[in-house]
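Everything on this sheet refers to the single structure shown next.
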Amino acid sequence: MAGSLEQETVKFVAMTGNEAVAEAMRQINPDVVAAYPITPQTEIVQIFSTFVADGLVKTEFVTVESEHSAMSATIGAAAAGARAMTATSSQGFALMWEMLYIAAGLRLPIVMPVVNRALSSPINIHCDHSDTMGARDSGWIQIFSENAQEAYDNLIQAVRIAESRDVLLPAMVCMDGFIVSHGMESVKLLMDEEVRGFIGEYEPAYSLLDVDHPITVGALDFADWYFEHKRQEAAAEAPVAEVVLKVGEEYGKLTGRSYGLFEAYRLDDAEVAVVALGSTAGTAKAVVDELRQKGVRAGLLKIRLYRPFPKDAIVRALSGVKAIAVLDRSDTFSTMGGPVFIDIKASMYDLMHGEHGEHGEHDAHGAQDAREARDMQGPRIVNYIYGLGGRDIDLEQIRKVYERLQAIVATGETGEPVSYLGVRE
Amino acid sequence: MANLRELSRKGELLTGGHRACAGCGAPVAVRQVLKAVDTPVVVGCATGCLEVTTTIYPYSAWNVPFIHSAFENVAATVSGIEAAYRSLKRQGKIQRDIQFVAFGGDGGTYDIGFQSLSGAMERGHDMVYICYDNQAYMNTGIQRSSATPRGAATTTSPAGRVITAGKTQYRKDLTAVMAAHDIPYVAQTTIGHWNDLITKVRKAFEVEGPAFVNILTPCRLGWQIDPADSIEICRKAVDTCFWPLYEVENGVWKITLKPREKKPITEWLRPQGRFRHLFKPGNEKLIEEIQADVDRRWEMLQKRCEVGG
């Protein structure tokens, strides 16, 4: 296979998540990067600045005066036919919020690493997912990473996913602030030419710089057109999962590391399972292994593609589980639990009522699973909100979660649907 | 100096058929600006009257590439376009010379877009920023901005029974603020002075790096004037020294049109319905204060021009 990786060419290096992401950005070599520093993303901007200063990239680097301008300039660059990137965290992400919707509405395939950090108030610089969860309905593709390797791999794949002509949507690649961004790990890097080959030359569908064919970008839609354009945007989300799978598979051929919509860890015959995203999945895997040694049928579903939400595949993967705990590193403050919990519960509703899924090849299979699951009345689902503002989550806490799931299976009693893990009540 | 015959032969880059009001100064400003540039141009536009009247889907009045993304960010958006251009040109993917222009109203420039503008100017993007200053938030229905002059009645600074002045604060002198950015070219002009406008905008495009041109652009609804008087009222703004025509080229301040005789401020105020209340008995002092402020600013400008020139 062309571009296949020989073992001796693999670079294996110790890197933080931020370093790995900055390295991926160097290899992607975007035409334009417009960025503003914010903890814990700052290193990405700093490291990338040295690449620019040392002439290692062709990138025009725009040192904007705010994140609002970072996203605005990135939008301008993307509309001008450039491969354009930015990166942010937390308050900066919140400041971009208006422009996130515009990037998606204009169908600009911008790629943005986000280093997840809590939102004020109170001000806090450490990890939770409140920032990106706040934009889960913005039309952006959201991909979560467990560790530095995944952040690196996901960023490279995100370019292909966003720029796919079937998609043309912006994509953010999320990694946990400090835990991943500042944690030193062993990361396998691709060669520059492999990244270049994998992402290919960017050929924009339209460009403002094509002055012989002037286009109007960002026109005013009234009630006669707005709805159709937003409907088209919604339709663009539909093929994303398939593109993510295709790109993930191709990436696997190149690197030996394949990626799906999620990772099902010892889930096949699991009776109890945790759903998580980000670095916590790594901690949960250790607990799963422990429990498996004790004969407990424990599993984990780690969500990778969070938006658009791959409902059907997730339902299929969880349909045989008897009790599920969804771990949310953010709250919706709606008394409904965390955002992932709400999504999982909504997805499982159809399963329990035998009307699972949309039509398609996968769904015949899903409907079968659905019928089986209906016979079992479907899984019991509980929610834990944990780790806000960087509060540690440890093995012991996750053990307790699995213990509760086992008790739910044994007694049939679910108890409180939403609990807070590791907090002083 | 611009040649009217020559200009009239140039094609229209902003076509007719847009939905701006009769007598609106904004399309006049845009047409004059676009006539001043000979290279292909890419336009960015802040949310506002200009954008909403010219790009109602599925129509567009723009014969040039155009982007609107939000209200407060046209300078940042055009920064990104200009950065893309520099990057792609350096890579040999683009050969053409292209110019970049951002249009914002006073709300999108003096107020909500000020940070974005200041940042783009400081970074030195090769772009021209045009403020079409109609002295209030006209698109949302005539609310006061920091460009609204003292004494103007707007829907958020009405002339009331207790607050009789209308807007109580003086306007921000944005042109001077932009000059303080020490960029290669800053100027202010009006749509009523086409030759001055086109000469200045040409200079703005010619310089390397950022340029800012503030264009007094009447809104016949907000100013409460006859649509036929949009050009004439600009001349009164200049003749009373309320809106002097000047430029700051590489730090050198220069008045480009000195009125032969400085007219009293009432000649600018009286024709406009937004200042009607100032002429009611009891408000004489307000007019005196406004005159004093105009005098003070005019003196200051002349001093700057003496020193700079």
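The values are calculated or read from the model by the stated rules, or taken from the named source; none is laboratory data. In this text the structure is predicted, and so the values were computed from the model without any measurement. Note: ideal-geometry Cβ built from the backbone for every residue, glycine included; neighbour counts use all protein chains shown.
Does residue B:9 satisfy the condition of being touching a strand residue (DSSP E or B) at 6+ places or on another chain (Cβ under 8 Å), of a type in the set (Lys, Arg) and either over 18 Å from residue B:109 (Cβ atoms) or facing chain A (nearest Cβ under 10 Å) (or both)?
Numbers: touching a strand residue (DSSP E or B) at 6+ places or on another chain (Cβ under 8 Å): no; of a type in the set (Lys, Arg): yes; either over 18 Å from residue B:109 (Cβ atoms) or facing chain A (nearest Cβ under 10 Å) (or both): yes.
For residue B:9, the condition - touching a strand residue (DSSP E or B) at 6+ places or on another chain (Cβ under 8 Å), of a type in the set (Lys, Arg) and either over 18 Å from residue B:109 (Cβ atoms) or facing chain A (nearest Cβ under 10 Å) (or both) - is not met.
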> For the stretch A:317-331, which residues satisfy the criterion of being in a loop (DSSP other than H, G, I, E, B) and closer than 16 Å to residue A:423 by Cβ?
Replying inline: A:329, A:330, A:331
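Is there a residue being away from every other protein chain (no Cβ under 14 Å) and either surrounded by fewer than 23 Cβ atoms within 10 Å (Cβ to Cβ) or touching a His at 6+ places or on another chain (Cβ under 7 Å) (or both) anywhere in the stretch A:168-177? Outline the logic, then answer.
From the stretch A:168-177, those away from every other protein chain (no Cβ under 14 Å) are A:168-169, A:171-177; that's our starting set.
Adding the requirement that they be either surrounded by fewer than 23 Cβ atoms within 10 Å (Cβ to Cβ) or touching a His at 6+ places or on another chain (Cβ under 7 Å) (or both) leaves A:168, A:177.
Yes, because at least one residue in the stretch A:168-177 is away from every other protein chain (no Cβ under 14 Å) and either surrounded by fewer than 23 Cβ atoms within 10 Å (Cβ to Cβ) or touching a His at 6+ places or on another chain (Cβ under 7 Å) (or both).
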> Which numbered condition trips up residue A:276, out of (1) buried (at least 16 other Cβ atoms within 10 Å of the Cβ); (2) touching a Gly at 6+ places or on another chain (Cβ under 8 Å); (3) away from chain B (no Cβ under 14 Å)?
Replying inline: (2)
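Output yes when any residue across the stretch B:116-135 is touching a residue at least 24 places away in the same chain (Cβ under 8 Å), of a type in the set (Lys, Arg), assigned to a helix (DSSP H, G or I) and facing chain A (nearest Cβ under 8 Å), and no when none is.
Taking the stretch B:116-135 as the starting set, the residues that turn out to be touching a residue at least 24 places away in the same chain (Cβ under 8 Å) are B:116-135.
With the extra rule that they be of a type in the set (Lys, Arg), the set shrinks to B:123.
Of the ones still in play, those that are also assigned to a helix (DSSP H, G or I) are B:123.
This time we only want the ones that are facing chain A (nearest Cβ under 8 Å), so: B:123.
Within the stretch B:116-135 (the criterion being touching a residue at least 24 places away in the same chain (Cβ under 8 Å), of a type in the set (Lys, Arg), assigned to a helix (DSSP H, G or I) and facing chain A (nearest Cβ under 8 Å)), the answer is yes, since at least one residue qualifies.
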>> I need the full set of residues from the stretch B:209-229 which are surrounded by fewer than 22 Cβ atoms within 10 Å (Cβ to Cβ) and either closer than 23 Å to residue B:179 by Cα or under 16 Å from the mean Cα position of the chain (by Cα) (or both), in order please.
In response: B:209
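Among the residues of the stretch A:27-50, count how many are outside any loop (DSSP other than H, G, I, E, B), more than 10 Å from every other protein chain (Cβ to nearest Cβ) and touching a residue at least 40 places away in the same chain (Cβ under 8 Å).
Restricting attention to the stretch A:27-50, the residues satisfying the condition of being outside any loop (DSSP other than H, G, I, E, B) are A:27-28, A:32-34, A:42-50.
Now restrict to residues that are more than 10 Å from every other protein chain (Cβ to nearest Cβ): A:27-28, A:42-50.
So of that shortlist, the ones also touching a residue at least 40 places away in the same chain (Cβ under 8 Å) come out as A:27-28, A:43-45.
Counting residues in the stretch A:27-50 that are outside any loop (DSSP other than H, G, I, E, B), more than 10 Å from every other protein chain (Cβ to nearest Cβ) and touching a residue at least 40 places away in the same chain (Cβ under 8 Å) gives 5.
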> Failed condition for residue A:348, given (1) at pLDDT below 95; (2) crowded, with 17+ Cβ neighbours inside 10 Å; (3) over 22 Å from the mean Cα position of the chain (by Cα); (4) of a type outside the set (Val, Ile, Thr), with all others met?
Replying inline: (3)
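Residues B:98, B:112: which one is surrounded by fewer than 24 Cβ atoms within 10 Å (Cβ to Cβ), within 7 Å of chain A (Cβ to nearest Cβ) and at pLDDT 95 or above?
Result of the check over B:98, B:112: B:98.
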>> I'm checking my understanding of the structure. Among residues of the stretch B:258-300 that are more than 22 Å from residue B:228 (Cα to Cα) and touching a helix residue (DSSP H, G or I) at 6+ places or on another chain (Cβ under 6 Å), which one is surrounded by the fewest Cβ atoms within 10 Å (Cβ to Cβ)?
In response: B:259
>> Tally up the residues in the stretch A:168-207 that are touching an Asp or Glu at 6+ places or on another chain (Cβ under 9 Å) and in a helix (DSSP H, G or I), please.
In response: 2
> Inside the stretch A:289-298, can you point out the residues that are without any contact (Cβ under 8 Å) to a residue 60 or more places away in the chain and either outside the structural domain of residue A:391 (by TED's automatic domain parsing) or assigned to a helix (DSSP H, G or I) (or both)?
Replying inline: A:289, A:292, A:293
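Residue by residue, here is whether (1) closer than 25 Å to residue B:37 by Cα; (2) out of contact with any helix residue (DSSP H, G or I) (no Cβ under 7 Å at 6 or more places or on another chain) holds:
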site: B:87; (1), (2): yes, yes
site: B:102; (1), (2): yes, no
site: B:118; (1), (2): yes, yes
site: B:126; (1), (2): yes, no
site: B:129; (1), (2): yes, no
site: B:138; (1), (2): no, no
site: B:142; (1), (2): no, no
site: B:145; (1), (2): no, no
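Kindly evaluate residue A:259 against the criterion of being within 17 Å of residue A:161 (Cβ to Cβ), touching a residue at least 60 places away in the same chain (Cβ under 8 Å) and either more than 17 Å from the chain's Cα centre (by Cα) or buried (at least 23 other Cβ atoms within 10 Å of the Cβ) (or both).
Numbers: within 17 Å of residue A:161 (Cβ to Cβ): yes; touching a residue at least 60 places away in the same chain (Cβ under 8 Å): yes; either more than 17 Å from the chain's Cα centre (by Cα) or buried (at least 23 other Cβ atoms within 10 Å of the Cβ) (or both): no.
Against the criterion (within 17 Å of residue A:161 (Cβ to Cβ), touching a residue at least 60 places away in the same chain (Cβ under 8 Å) and either more than 17 Å from the chain's Cα centre (by Cα) or buried (at least 23 other Cβ atoms within 10 Å of the Cβ) (or both)), residue A:259 does not qualify.
In this structure, does residue B:87 turn out to be part of a loop (DSSP other than H, G, I, E, B), at pLDDT 95 or above and either within 17 Å of the chain's Cα centre (by Cα) or not β-branched (Val, Ile, Thr) (or both)?
No.
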> Name the residues in the stretch B:12-32 that are more than 14 Å from chain A (Cβ to nearest Cβ) and either charged (D, E, K, R) or part of a loop (DSSP other than H, G, I, E, B) (or both), would you?
Replying inline: B:16, B:21, B:22, B:23, B:24, B:25, B:31
> What tally of residues in the stretch B:33-92 results from selecting those that are surrounded by fewer than 20 Cβ atoms within 10 Å (Cβ to Cβ), more than 7 Å from chain A (Cβ to nearest Cβ) and touching a residue at least 60 places away in the same chain (Cβ under 8 Å)?
Replying inline: 1
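Would you say residue A:83 is surrounded by fewer than 24 Cβ atoms within 10 Å (Cβ to Cβ), in contact with a helix residue (DSSP H, G or I) (Cβ under 9 Å, 6 or more places away or on another chain) and more than 21 Å from residue A:127 (Cα to Cα)?
Details: surrounded by fewer than 24 Cβ atoms within 10 Å (Cβ to Cβ): no; in contact with a helix residue (DSSP H, G or I) (Cβ under 9 Å, 6 or more places away or on another chain): yes; more than 21 Å from residue A:127 (Cα to Cα): yes.
No, not satisfied.
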>> Kindly evaluate residue B:285 against the criterion of being out of contact with any Pro (no Cβ under 9 Å at 6 or more places or on another chain) and either among the small types (Gly, Ala, Ser) or not in a helix (DSSP H, G or I) (or both).
In response: no
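Does residue A:314 qualify as being in contact with a helix residue (DSSP H, G or I) (Cβ under 8 Å, 6 or more places away or on another chain) and within 13 Å of residue A:268 (Cα to Cα)?
Yes: the conditions hold for residue A:314.
Within the bounds of the stretch A:411-424, is there any residue that is crowded, with 21+ Cβ neighbours inside 10 Å and either touching a strand residue (DSSP E or B) at 6+ places or on another chain (Cβ under 7 Å) or at pLDDT 95 or above (or both)? Steps first, please.
Start the filter on the stretch A:411-424 by keeping residues that are crowded, with 21+ Cβ neighbours inside 10 Å, which leaves none.
No, the stretch A:411-424 contains no residue that is crowded, with 21+ Cβ neighbours inside 10 Å and either touching a strand residue (DSSP E or B) at 6+ places or on another chain (Cβ under 7 Å) or at pLDDT 95 or above (or both).
Consider residue A:180 carefully, then state whether it is assigned by TED's automatic domain parsing to the domain that holds residue A:242 and within 23 Å of residue A:328 (Cα to Cα). It would help to see each step written out before you state the result.
On the way: assigned by TED's automatic domain parsing to the domain that holds residue A:242: yes; within 23 Å of residue A:328 (Cα to Cα): yes.
Judged against the criteria, residue A:180 is a match.
Matching residues to (1) closer than 18 Å to residue B:31 by Cα; (2) in a loop (DSSP other than H, G, I, E, B); (3) modelled with pLDDT under 95:
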residue	(1), (2), (3)
B:148	no, yes, no
B:168	no, yes, no
B:172	no, yes, no
B:177	no, no, no
B:183	no, yes, no
B:201	yes, no, no
B:214	yes, no, no
B:225	no, yes, no
B:233	no, no, no
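For the stretch A:51-167, which fully contained strands (runs of 3 or more DSSP E) count at least 2 residues that are within 14 Å of chain B (Cβ to nearest Cβ) and closer than 29 Å to residue B:123 by Cβ? Talk me through it step by step, then tell me what you get.
On the way: elements: A:60-62, A:111-116, A:141-144.
Result: A:60-62.
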> Which pairs have Cβ atoms under 9 Å, sit 6 or more apart or on different chains, and link a residue in the stretch A:312-334 that is closer than 12 Å to residue A:379 by Cβ and in the same structural domain as residue A:288 (by TED's automatic domain parsing) to one that is of a type in the set (Phe, Trp, Tyr) and in a strand (DSSP E or B)?
Replying inline: A:314/A:262; A:317/A:262; A:325/A:384; A:326/A:384
